[in-house]
Amino acid sequence: MNPELLNKQFGIAGKITFQPFEHSIAAELQSKFATAKVSLYGAHVLSFIPKDQDDVLFVSPKAIYKDEKAIRGGIPVCWPWFGPHPVDSSLPSHGFARISNWAVINTSASDEEVSIELGLTSNAETMRLWPYQFEASLLIKLSKELTVELTTRNSDNKPFEVSAALHSYFNISDIDTVTLEGLSGVNYLDDVTNANGHQTAKLLSFGQRTDRRYRTSGKAIIHDSKRDISVKKSGSGITVVWNPGAELAMQMGDLAEHYKNMLCVEAANSLDDTIVIQPGMSHTLATTIS
Ligand SMILES: O=P(O)(O)OC[C@H]1O[C@H](O)[C@H](O)[C@@H](O)[C@@H]1O
């Protein structure tokens with residue numbers, strides 16, 4: 001598909017247009033309240049800009065745009081596994097959705113909301129990486145809020161297991177001063193120390209490498225000096241909180257010093273919230289950002 005054909009088939013005047021973007025194509029969405037940009041490579045939301053605000057999402061100025069590489073920032077779709085593959089570490093980290101080209105399935109627009117649905121279906125290449133027939137879709141709805149819904153449908157004749165994350169990178173003023181609310185009283189697995197923990201403080205602060213999987217389905221609020229960002233979710237029993245900290249970030253060519261301006265708060269299915277999907281059934285993991 002090229003942008004002209006996509007504009008003909010799915011473009012909506014003044015609301016949705018398709019443009020060439022790096023090695024792929026991006027959809028630009030414009031609602032009454034905000035704009036958003038979505039790359040078809042990875043079904044990757046790259047920006048969410050409410051009127052008169054800065055981008056709510058962070059994309060690294062050092063992000064690398066090429067096939068087989070995930071874009072550093074925005075909302076990578078980690079699927080059908082989160083983190084390293086459970087048994088074969090040679091397979092792509094965080095699955096293959098974020099390094100696959102997705103198709104446009106549908107677009108729609110009303111006075112209040114603009115939406116686009118992207119799809120990824122099993123094929124010879126995905127069967128090599130993950131031997132199941134599936135239909136995945138990512139529905140992106142832009143109104144005052146941004147909602148992203150990842151639906152996995154099992155179109156095979158045997159059950160399969162999925163872990164996943166909507167790995168949202170938020171644009172923040174300074175990792176040393178930002179705080180995160182909503183995790184108090186929640187148990188977590190600390191992936192830096194590999195130890196279990198329990199959050200007692202009302203606000204979580206950073207300033208060092210943080211990589212935790214919190215066992216919660218509740219909402220979180222980022223308190224930044226310039227605004228609050230609310231991260232709601234559904235179909236998710238795990239919230240991943242990640243910032244690599246200075247030392248690790250400096251080893252990441254596509255991030256480096258820009259780690260200071262990002263915080264990941266991710267609606268996820270992982271650990272004992274890994275989802276088993278029976279043939280013909282589906283599961284939806286969703287996040288709403290405002
Ligand atoms: O570098 P990536 O493959 O995009 O992964 C980035 C990060 O994703 C998640 O937040 C994990 O919890 C981290 O352990 C990981 O480092």
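The values are calculated or read from the model by the stated rules, or taken from the named source; none is laboratory data. On a predicted model such as this, the values are computed, not experimentally measured, just so you know. Every residue, glycine among them, receives a Cβ derived from its backbone with ideal geometry; neighbour counts consider all protein chains shown. These area figures cover heavy atoms from the full protein model, side chains too; ligands, DNA and RNA do not enter into them. Shrake-Rupley method; radii C 1.70, N 1.55, O 1.52, S 1.80 Å.
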Q. Over the chain, what percent of the accessible surface lies on carbon and sulfur atoms, probe 1.4 Å?
A. 47 percent
Q: Keeping all protein chains in place, calculate the accessible area per residue for the chain (probe 1.4 angstrom), answer in Å².
A: 43 Å²
(Q) Distance between the C-alpha centers of the stretch 92-125 and the stretch 167-233? Whole Å please. (A) 28 Å
**Q.** Cα gyration tensor shape for the stretch 29-179, rounded if a/c is under 1.5, else prolate or oblate
**A.** oblate
Q: Sort THR200, THR126 from largest to smallest accessible area, using a 1.4 Å probe on the heavy atoms of the protein chains.
A: THR200, THR126
Q | Cross-link pairs LYS8/LYS32; LYS141/LYS233; LYS37/LYS144; LYS219/LYS260; LYS141/LYS260; LYS15/LYS62 - those with Cα-Cα distance over 18 Å | A | LYS8/LYS32; LYS219/LYS260; LYS141/LYS260; LYS15/LYS62
Q. Dipole magnitude of the stretch 111-166 about its Cα centre, charges +1 at Lys/Arg Cβ and -1 at Asp/Glu Cβ only, in debye to the nearest 20?
A. 300 debye
Q. In Å, what Rg and Dmax follow from the Cα atoms of the stretch 3-289?
A. 18.2, 54
Q) Restricting attention to the stretch 59-168, which GluC sites (Glu not before Pro) occupy a DSSP loop and are surrounded by at most 15 other Cβ atoms within 10 Å? A) GLU68, GLU112
Q. For the stretch 15-79, which trypsin sites (Lys or Arg not before Pro) are both in a DSSP coil and crowded by at most 11 other Cβ atoms within 10 Å?
A. LYS51, LYS66
